[in-house]
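S.K.: Next up is a structure, given as structure tokens.
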Amino acid sequence: MKRYSAFRLIREAATGNQGWVPAWRTPTPKSHYDAIVIGGGGHGLATAFYLAKNHAISDVAVIEKGWLGGGNTGRNTTAIRSNYFYPESAALYDFSVKLYEGLSKTLNYNVMFSQRGMLMLTHSEPDMEMATRQFNAMRINGIDAELLTAKQVQKIEPMLNFRSDARHPIHGGVLQPRGGTGRHDAVAWGYARAASALGVDIIQNCEVQSFITEAGRCVGVETSLGPIRANVLGASVAGHSSVLAELAGFELPIISYTLQAFVSEPIKPVLNSVVLAPAFGTYASQSDKGGLVCGGGLDRVPSYAQRGNFPVQETVLSGLSEMFPALNKVKLLRHWGGIVDVTPDSSPIIGPSGVDGLFINCGWGTGGFKAIPAGGYLQAHLMATGSHHELSKPFDLSRFVSGHLIDEAASSGIPH
Amino acid sequence: MSSHRIEQKGRIDRSQVLTFRFDGQRYTGFEGDTLASALLANGVRVVARSFKYHRPRGVCNAWFDEPNAIFNVTLRARELPNCLATTTYLEEGMEARSVNAWPSAQNDLKAVLDFAHPMWSAGFYYKTFMWPNWHLFEPMIRRLAGLGKVSPDHYDDYVSNQRFAHCDTLVVGGGAAGIAAACAAADAGDDVVLVDDHRELGGGLFQQSEVEGHTPEDWIAGQRAAFEAAGGRVLVQTTAFGVFDHKMVGLVQNAGFGRAPRLWRMRTTRIILATGAVDRLMTFANNDRPGVLSLLGANEFLARYGVLVGREAVVLSNNSAGNQAAAVLAAAGMSIERVDARDANLKVLGSTVENALRLFDVLCFRYY
């Protein structure tokens, strides 16, 4: 892999930009690999990268039915944070944030992790009590957090609605300073490039049609490009996890919903952090290009439709203009939907699938992007060693049998 | 008023002169002009800068398909960001500012970035700014990006009215095809709504000298009267922006500058899209230079605003459909050099657009 750097940009500029090569190879699939990763989104590509980097398993194929990062990796609102309640979640998501902090240098690809702060607003005294509880939990779990007064919130986001007639006056907030946003496509492309350089075969436009099982063990997949076999398989197919599980012959406690997101026309910088207003269910940040990126809660009805609809658009955008009244003159540019896999306790599932030889990494709900480095790292550990990393152990599928749920929906009030 | 205006042409009211400013400079236009047509009539060529390299950009289309002419516009102490100059109708006292250019689009200091353009190849930002840390570079890059500034003022009455409506047939696009479809459906007894985003129905018909033996104005007025007599409803200055579940179409009805547009939820059983065609950009080196316009745009500026975008022009197309449009421009006084992209004579122009623009005012293209 030819390294990217400012020096290289200057040298290429001087020689007519003729020396660039594709960021990853486009090989034809072999009939057998040491490992197959199903799903070429962030989690899948990261799994392949860490298999090669941490476990010296580079005879790996990543199989993607569409294009790289075309699922939720390319459809999310790029927020990265670890402001969770339970120790298990906090440890998992903060591990991810820490990997993100070094990711551009690890991959030699600028993923633009911008730690501009994740700010959750409160609108009342009871809200503030809940925020204090969350703040305390975060500090106990070793995660950076600050409790803010309304004045401190105003200093960070002066465009917020501090008028006396605001429908939901701002009381204060909790800030995670290390939270922020990343460049979502760059995460997929960066992992793809680094994995490919370590020998991973990235195969796009290749759909898994069925699993090949021998003596009860999964030994490969039938794909639209023919059969591909492997010693071990891992699936990271957010949005279609239960569809794939059905193909493999097991069930997941997952319901899939559409989650919508929105981006405005580019404007000069007005937002400084990622702001979430629970009263409206709307959150927003501003991309480096200048677009306001915002989203809200899930659609109410389970669906596999990767598209937006009008009622949610109205809910989210009216929330945005309540939060930032001056921004109601900004025009919407794009609006889209992705499919998220939601578990009963709103925590992910990482571990053996129940079918021998096949591991799963799924159920991240609305928050998979922030967990890409951790999800890939832990899934690679599972596939390489056959056993859990300490961090992924609590997230095994078996918790739904034993009852050891990690109920982040109830505890930190995430809206699903 | 200027050599760019053609007498007797256009849908403008020459008795009402309007004054406005663009990047601080005072200009005049007429009632019925858009900001873009008024600027073209005044011979203003550079109206914007490109997002990354800050290359000079001019108006190149006449309606929603214009990619360049985006202004912050202030009127009656109300500033709206990123207004498309080709769809913003001129009003007395408008103050337009180019976006992301300083001090003006004509003289933009940030154009210095263009000198180092080989450095900023596609995706350059993924390849650098990693050492020591992205946070060191990000604030500067954020300030360089973005288009218009958003005023922190909140306009209390900038709140959209909402309408809920239904019809049997919704026709989107009020040109010849849309009018014909709407009339046919209304005659057949349907409850029909016809929407068009212009101020008046007609679409591309104003480019024609006659329609079925009438002037375009008379023909359109006659069709509209018949349509409305059959129970049809017409919504102008209304854009259909999405077809949602169960054939609900979102419509946004422009209420004039500075006023929040009205939102319609139109539930339908049939949707007819008669939205017409736009010219696609022809690919050649420097096709983004000011003075390069779409042929459709040039014809619309003449037909709707009486503006001849240039006196001497090269008209470039890759098909024979450009001939009639070029003939209309020629009849209005444009001296035209016709070039067919399929023809080897393309080399006559030289290798660059700059050569062509040195010889001619404008270069219009048509590409299907």
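S.K.: Can you tell me which residues in the stretch A:203-216 are part of a strand (DSSP E or B) and under 13 Å from A:Lys30 (Cβ atoms)?
M.R.: A:Ile203
S.K.: Can you find, within the stretch B:115-140, the residue that is nearest to B:Leu263 (Cα to Cα) among those that are assigned to a loop (DSSP other than H, G, I, E, B) and either at the interface with chain A (Cβ under 7 Å from one of its Cβ atoms) or in contact (Cβ under 8 Å) with a residue 12 or more places away in the chain (or both)? Walk me through how you get there before you give the answer.
M.R.: Let us first name the residues in the stretch B:115-140 that are assigned to a loop (DSSP other than H, G, I, E, B), namely B:121-123, B:127-133.
Filter again for either at the interface with chain A (Cβ under 7 Å from one of its Cβ atoms) or in contact (Cβ under 8 Å) with a residue 12 or more places away in the chain (or both), leaving B:121, B:127-130.
On the way: B:Ser121: 41, B:Lys127: 44, B:Thr128: 44, B:Phe129: 44, B:Met130: 45 Å.
Checking each candidate, the answer is B:Ser121.
S.K.: Within 14 Å of another protein chain (Cβ to nearest Cβ), more than 30 Å from A:Trp24 (Cα to Cα), over 26 Å from the mean Cα position of the chain (by Cα) and in a loop (DSSP other than H, G, I, E, B) - does that describe any residue in the stretch A:167-181?
M.R.: Yes, some residue in the stretch A:167-181 is within 14 Å of another protein chain (Cβ to nearest Cβ), more than 30 Å from A:Trp24 (Cα to Cα), over 26 Å from the mean Cα position of the chain (by Cα) and in a loop (DSSP other than H, G, I, E, B).
S.K.: Still on this model: Just give me the residues in the stretch B:308-338 being out of contact with any strand residue (DSSP E or B) (no Cβ under 9 Å at 6 or more places or on another chain) and either buried (at least 23 other Cβ atoms within 10 Å of the Cβ) or at negative phi (or both), in sequence order.
M.R.: B:Gln324, B:Val328, B:Ala331, B:Ala332
S.K.: Given the options A:Ala245, A:Ala238, name the one that is surrounded by 20 or more Cβ atoms within 10 Å (Cβ to Cβ), outside any loop (DSSP other than H, G, I, E, B) and more than 14 Å from every other protein chain (Cβ to nearest Cβ). Full working, then the answer.
M.R.: Working: A:Ala238 fails: outside any loop (DSSP other than H, G, I, E, B).
The unique qualifying residue is A:Ala245.
Quick grid of which residues meet (1) more than 16 Å from A:Met118 (Cβ to Cβ); (2) touching a residue at least 12 places away in the same chain (Cβ under 8 Å); (3) in contact with a His (Cβ under 6 Å, 6 or more places away or on another chain):
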position	(1), (2), (3)
A:Ile156	no, yes, no
A:Phe162	yes, yes, no
A:Asp165	yes, no, no
A:His168	yes, yes, yes
A:Gly172	no, yes, no
A:Gly179	no, yes, no
A:Arg183	yes, yes, no
A:Val187	yes, yes, no
A:Ala192	yes, yes, no
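S.K.: Here is a follow-up. Looking only at the stretch A:306-321, decide whether some residue is of a type in the set (D, E, K, R), under 13 Å from A:Val263 (Cβ atoms), surrounded by fewer than 21 Cβ atoms within 10 Å (Cβ to Cβ) and more than 22 Å from the chain's Cα centre (by Cα).
M.R.: Within the stretch A:306-321 (the criterion being of a type in the set (D, E, K, R), under 13 Å from A:Val263 (Cβ atoms), surrounded by fewer than 21 Cβ atoms within 10 Å (Cβ to Cβ) and more than 22 Å from the chain's Cα centre (by Cα)), the answer is no, since none of the residues qualifies.
S.K.: Within the set of pairs 6+ apart or on separate chains, which have a first residue in the stretch A:377-398 that is more than 21 Å from A:Val219 (Cβ to Cβ) and touching a residue at least 60 places away in the same chain (Cβ under 8 Å), a second that is of a type in the set (Ser, Thr, Tyr) and in a helix (DSSP H, G or I), and C-beta atoms under 6 Å apart?
M.R.: Sorted first by the residue in the stretch A:377-398, then by its partner, the pairs are A:Tyr377/A:Tyr50.
S.K.: To continue, here is another question. What residue, among those in the stretch A:90-133 that are away from chain B (no Cβ under 14 Å), farther than 30 Å from A:Gln154 by Cβ and not basic (Lys, Arg), is surrounded by the most Cβ atoms within 10 Å (Cβ to Cβ)?
M.R.: Only one residue tops the list, namely A:Ser96.
S.K.: If you don't mind, there's one more thing I want to ask. Can you tell me how many residues within the stretch A:2-24 are of a type outside the set (A, V, I, L, M, F, W, C), surrounded by 14 or more Cβ atoms within 10 Å (Cβ to Cβ) and more than 9 Å from chain B (Cβ to nearest Cβ)?
M.R.: Within the stretch A:2-24, residues that are of a type outside the set (A, V, I, L, M, F, W, C), surrounded by 14 or more Cβ atoms within 10 Å (Cβ to Cβ) and more than 9 Å from chain B (Cβ to nearest Cβ) number 0.
S.K.: Let me ask something else. Taking the stated definitions as given, is A:Val301 in a strand (DSSP E or B), surrounded by 24 or more Cβ atoms within 10 Å (Cβ to Cβ) and touching a Phe, Trp or Tyr at 6+ places or on another chain (Cβ under 8 Å)? Walk me through how you get there before you give the answer.
M.R.: Values: in a strand (DSSP E or B): yes; surrounded by 24 or more Cβ atoms within 10 Å (Cβ to Cβ): no; touching a Phe, Trp or Tyr at 6+ places or on another chain (Cβ under 8 Å): yes.
It is false that A:Val301 is in a strand (DSSP E or B), surrounded by 24 or more Cβ atoms within 10 Å (Cβ to Cβ) and touching a Phe, Trp or Tyr at 6+ places or on another chain (Cβ under 8 Å).
S.K.: Among the strands (runs of 3 or more DSSP E) contained in the stretch B:1-82, which hold 2 or more residues that are assigned by TED's automatic domain parsing to the domain that holds B:Val328 and within 23 Å of A:Pro266 (Cβ to Cβ)? I'd like the intermediate steps shown before the answer.
M.R.: Numbers: elements: B:13-22, B:25-31, B:70-75.
Of the strands (runs of 3 or more DSSP E) lying wholly inside the stretch B:1-82, none has at least 2 residues that are assigned by TED's automatic domain parsing to the domain that holds B:Val328 and within 23 Å of A:Pro266 (Cβ to Cβ).
S.K.: Within 14 Å of chain A (Cβ to nearest Cβ), more than 30 Å from A:Arg3 (Cα to Cα) and in contact with an Asp or Glu (Cβ under 6 Å, 6 or more places away or on another chain), is that true of B:Ser160?
M.R.: Judged against the criteria, B:Ser160 is not a match.
Per-residue answers, yes or no, for (1) in contact (Cβ under 8 Å) with a residue 60 or more places away in the chain; (2) buried (at least 19 other Cβ atoms within 10 Å of the Cβ); (3) under 23 Å from B:Gln253 (Cα atoms); (4) in contact with a Lys or Arg (Cβ under 9 Å, 6 or more places away or on another chain):
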position: B:Gly178; (1), (2), (3), (4): yes, yes, yes, no
position: B:Ala181; (1), (2), (3), (4): yes, yes, yes, no
position: B:Val193; (1), (2), (3), (4): yes, yes, yes, yes
position: B:Asp197; (1), (2), (3), (4): yes, yes, yes, no
position: B:Gln208; (1), (2), (3), (4): no, no, no, no
position: B:His214; (1), (2), (3), (4): no, no, no, no
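S.K.: May I ask you to verify whether B:Ala96 is under 17 Å from the mean Cα position of the chain (by Cα), more than 13 Å from chain A (Cβ to nearest Cβ) and not in a loop (DSSP other than H, G, I, E, B)?
M.R.: yes
S.K.: Which of the residues spanning the stretch B:141-150 are in contact with a helix residue (DSSP H, G or I) (Cβ under 8 Å, 6 or more places away or on another chain) and either within 7 Å of chain A (Cβ to nearest Cβ) or free of Cβ contacts under 8 Å to residues at least 24 places away in the same chain (or both)?
M.R.: The answer is B:Ile141, B:Val150.
S.K.: Inside the stretch B:177-275, counting only strands (runs of 3 or more DSSP E) that do not spill past its ends, which hold 1 or more residues that are of a type in the set (Val, Ile, Thr), within 21 Å of the chain's Cα centre (by Cα) and at pLDDT below 95?
M.R.: Where strands (runs of 3 or more DSSP E) fall fully within the stretch B:177-275, none carries at least 1 residues being of a type in the set (Val, Ile, Thr), within 21 Å of the chain's Cα centre (by Cα) and at pLDDT below 95.
The values are calculated or read from the model by the stated rules, or taken from the named source; none is laboratory data. Source: prediction; values computed, not measured. Neighbour counts run over all protein chains shown; Cβ positions are idealised from the backbone, glycine included.
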